[in-house]
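What follows is a set of notes on a single structure, which appears directly below.
The values are calculated or read from the model by the stated rules, or taken from the named source; none is laboratory data. Quick caveat, the model's predicted, so the values are computed rather than measured. Don't worry about glycine lacking a Cβ; one is built from the backbone with ideal geometry, like all the others, and counts go over all protein chains shown.
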Amino acid sequence: MNQLFEIDLKDYKETDIVFRRPSARAIIFKEDKIALVYSKKEKYFKFPGGGIKGDEDKKDALIREVREEVGLVVIPDTIKEYGSVRRRQKSTVSENTIFEQENFYYFCDVEDKKVSQKLDDYESEAEFVLCVVDIDEAIEVNAAYKSDDFFNEVMIKRDKRVLEMLKNIR
């Protein structure tokens, strides 16, 4: 998959161990809008998707994560690669550890039906909901996002940049 860009904060020691957590993220257009996760608590938008488990296929992870986070059912034969973003920074969870995440973005369509969400604790706490919004609104909201959790800020800046790239190809 083509790498769109890389975020490397270089805030770690080269001798630190690397913890890798790849993820799959969905780009779902609904006419002239985009379907995103919105955190009602934190006030940001992010692409639906999340961590790839073990040797799970990226597309299977995408289908599972979209269903869990926003209750949308991905149509498997519509999945098409867009690109990846590699993120490296000092872990906020483990000392002497580099957090590395390759985020694989895919275009896809979803069925008209919606199923119930199956959120993790942190997703429930962040009050994740599905929003179908104008891409400019999502960019504006994410540009204004500030948090005490720098880790989240890096994630939202990543998705803001991907949204800007998508706006330029539409």
**Prompt:** Taking segment 43-82, which residues are under 20 Å from residue 102 (Cβ atoms) and of a type in the set (Phe, Trp, Tyr)?
**Reply:** 47, 82
**Message:** Six or more apart or on different chains, Cβ atoms under 8 Å: show the pairs whose first residue is in segment 156-168 and within 16 Å of residue 37 (Cβ to Cβ) and whose second is modelled with pLDDT under 95.
**Reply:** 156/147
**Complete:** Log entry, pairs with first residue in segment 126-141 being free of Cβ contacts under 8 Å to residues at least 40 places away in the same chain, second being buried (at least 18 other Cβ atoms within 10 Å of the Cβ) and part of a helix (DSSP H, G or I), beta carbons closer than 8 Å, six or more apart or on different chains, reads 139/160; 139/163
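Can you spot a residue in segment 99-106 that is hydrophobic (A, V, I, L, M, F, W, C) and within 14 Å of the chain's Cα centre (by Cα)? Before the answer, list the steps.
Step one: of segment 99-106, the residues hydrophobic (A, V, I, L, M, F, W, C) are 99, 104.
Filter once more, so that each one left must be within 14 Å of the chain's Cα centre (by Cα): 104.
So far as segment 99-106 goes, yes, one or more of its residues are hydrophobic (A, V, I, L, M, F, W, C) and within 14 Å of the chain's Cα centre (by Cα).
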**Prompt:** Do any strands (runs of 3 or more DSSP E) lying entirely in segment 63-170 carry at least 1 residues that are modelled with pLDDT under 95 and more than 16 Å from residue 25 (Cα to Cα), and which ones are they?
**Reply:** 80-90, 110-114
**Message:** Given the criteria within 13 Å of the chain's Cα centre (by Cα), among the hydrophobic types (A, V, I, L, M, F, W, C) and closer than 23 Å to residue 152 by Cβ, does residue 129 qualify?
**Reply:** no
**Request:** Give the residues of segment 43-62 that are closer than 27 Å to residue 136 by Cβ, without any contact (Cβ under 8 Å) to a residue 60 or more places away in the chain and either among the acidic types (Asp, Glu) or assigned to a strand (DSSP E or B) (or both), sorted by residue number.
**Result:** 49, 50
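If you take the residues in segment 1-27 that are assigned to a strand (DSSP E or B) and in contact with a helix residue (DSSP H, G or I) (Cβ under 8 Å, 6 or more places away or on another chain), which one is farthest from residue 167 (Cα to Cα)?
23
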**Prompt:** Has segment 130-149 got at least one residue that is surrounded by 14 or more Cβ atoms within 10 Å (Cβ to Cβ), under 26 Å from residue 57 (Cα atoms) and among the β-branched types (Val, Ile, Thr)?
**Reply:** no
**Request:** Select from segment 142-154 the residues that are touching a residue at least 60 places away in the same chain (Cβ under 8 Å) and within 16 Å of residue 126 (Cα to Cα) and list them in ascending order.
**Result:** 142, 145, 147, 151, 152
